[in-house]
Amino acid sequence: MTAKIISGRETAEHILEKELSKKVEVLKTKNIIPNLVVILVGDMKASASYVKQKEKFAEKAGIKSEVRRFESDISEKDILSEIDKINNDPLIHGVIVQLPLPDHISVAKVLNSIHPSKDVDGFTPNNVGKLFLGEDTLVSCTPKGIMQMLRISGTDLNGKNVTVIGRSNIVGKPVSILCQSENATVTMCHSRTKDLNHKLSDADVIIVAVGVPKFISGDQIPNGAVVIDVGIHNIDGKLCGDVDFDSAKEKASAITPVPGGVGPMTVCALIENTIIAAERIHSA
Ligand code: GUN
């Protein structure tokens, strides 16, 4: 079997140009321009490149975006006061703090300080709690993008076995909740999981978010499974994911590529969340 490629790049382009830009046009007739602020601390190359993509997608959808850059020695107090200003600025609808942050800044404190209505990353306790309870909320971007990719690939999760590898707050935990809300049976695996191959053996869908290059290979994938690869790594100048694409594509029925898979869908979800936040703030 050679897998169908689930292109995040093409899907994101389609959603941005055909769906989101139309919503933005409607908001603009009411003099509302969705506005996203990205806080970027320090000079990490990977973070700078992710932020650039966020600006590019914002422009494609026709929303405003602004990157506020700070030196890596900025104090926690100064970041918190910047977020406070943003929380109180009626012309800003969404804010994200690009992670990771330098060690002297508490990620929890910073994220907790973002007003939940502007938390377009869906990282605040309020929004995570709502997701857990199955309430309408701003859903964090990578899980949201993954669910959209499963939908466009025609994967109905009802009664299916989903194995998630990785238990992060950003991907593994929230995506497991979203899959359960679509009636999947979810198995959570992580670095201490015994006999991972057994946990994969009856999986209909495998979501890999472990942060280890080519951690999963084709021989661990049941025939016909759908594989979602969340990882992205630069190995000797070549990008790869958490899945060994070449061997996996011979076993999977559908697979996301790296690059051009989950990454663009994550950014697309961020833009969608900013539009939703603007709609909600102005209808409240
Ligand atoms: N760093 C890596 N992924 C993310 C993300 O989804 N949001 C933020 N804010 N930082 C990140």
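Here are the numbers for the structure shown:
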| quantity | calculated |
| --- | --- |
| Antiparallel content of DSSP bridges confined to the chain, in %, to 5 | 10 |
| The chain: C-alpha pair distances exceeding 34 Å, % | 20 |
| Those GluC sites (Glu not before Pro) in segment 1-90 that DSSP places in a loop and that have at most 11 other beta carbons within 10 Å | GLU71 |
| Gain upon complete extension [ASP103, LYS56; 0.36 nm per residue less C-alpha separation] | 14.0 nm |
| GluC sites (Glu not before Pro) within segment 229-284: DSSP coil, no more than 15 neighbouring Cβ in 10 Å | GLU250 |
| Given LYS56/LYS118; LYS64/LYS144; LYS77/LYS238, the pairs whose alpha carbons are separated by over 32 Å | LYS77/LYS238 |
| Value of relative contact order over segment 119-261, rounded to a whole percent, pairs C-alpha under 8 Å and six or more apart | 18 |
| Rounded tilt (10° steps) of 45-61 against the dominant C-alpha axis of the chain | 70 |
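Any read-out appearing in this document is the output of simple, stated calculations on the displayed coordinates, not a laboratory observation. Model, not experiment: these values are computed from the prediction. Glycine gets a Cβ as well: all are built from the backbone with ideal geometry, and neighbour counts include every protein chain shown.
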